[in-house]
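Have a look at the structure below before the remarks.
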Amino acid sequence: MPAPMSVPMSAPISAPMSADVLLILTTLPDKEAAGRMARALVEQGLAACVNVLPSCHSVYRWQGKVEAAEEVLLCIKSTRLRYPDVEAQIRARHPYELPEIIAISLADGLPAYLAWVHKETEPPCAVC
C-alpha cells in the first residue's frame, strides 16, 4: 500500500487529467515474469503502480486452435503521455510473440489518486 500522499484528497482535478490516466492490461505466463515486468515499469517511472493479480485462466484462439493457459494479469496505472514507452517496454520484455496490451481511458477517479499517477509518471525534465 502506498505511503500517505502529500496531495490533498479533495485536490481539484480537471476532466482532461482524468481522461489522460490509463489502465493498461497485459498478461504474462508466470508470477516471476510478471513481477519483473511490474518492477521495471515502476522503476523506470512509466507506471505509478502495477497490480499483479495472481492467476487467471485464459481461453483464446491462436493460430487456428483453441488454447487455454494459466496467466498472471498486470493492471498498470500510467498516462496517455507515457503509453508509447510502456508499450515499448512490454514488447521488449514480453516472452509472448503477440502480447496482450490493452489501454483503457479512465472516465473518472479519485482526484488525488489521478494526480498521484500523473506526478509519479512525469518524464524527467530534459532542460532542467
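Any idea which residue in region 63-82 is surrounded by the most Cβ atoms within 10 Å (Cβ to Cβ), counting only those that are of a type in the set (Val, Ile, Thr) and within 13 Å of the chain's Cα centre (by Cα)?
The residue in question is Ile76.
Say whether the condition of being assigned to a loop (DSSP other than H, G, I, E, B) and either more than 11 Å from the chain's Cα centre (by Cα) or among the aliphatic types (A, V, I, L, M) (or both) is met by at least one residue in region 48-62.
Within region 48-62, one or more residues are assigned to a loop (DSSP other than H, G, I, E, B) and either more than 11 Å from the chain's Cα centre (by Cα) or among the aliphatic types (A, V, I, L, M) (or both).
Against the definition (without any contact (Cβ under 8 Å) to a residue 24 or more places away in the chain and not aromatic (Phe, Trp, Tyr)), how does Ala34 come out, yes or no?
no
Answer yes or no as to whether Ala88 is surrounded by fewer than 18 Cβ atoms within 10 Å (Cβ to Cβ), out of contact with any Ser or Thr (no Cβ under 7 Å at 6 or more places or on another chain) and under 14 Å from Ala34 (Cα atoms).
Judged against the criteria, Ala88 is not a match.
All of the numbers you see were taken from the coordinates with simple rules; none came from a lab. Here the structure is a predicted model, which means the values were calculated and not measured. Cβ atoms come from the backbone with ideal geometry, glycine included; neighbour counts cover every protein chain shown.
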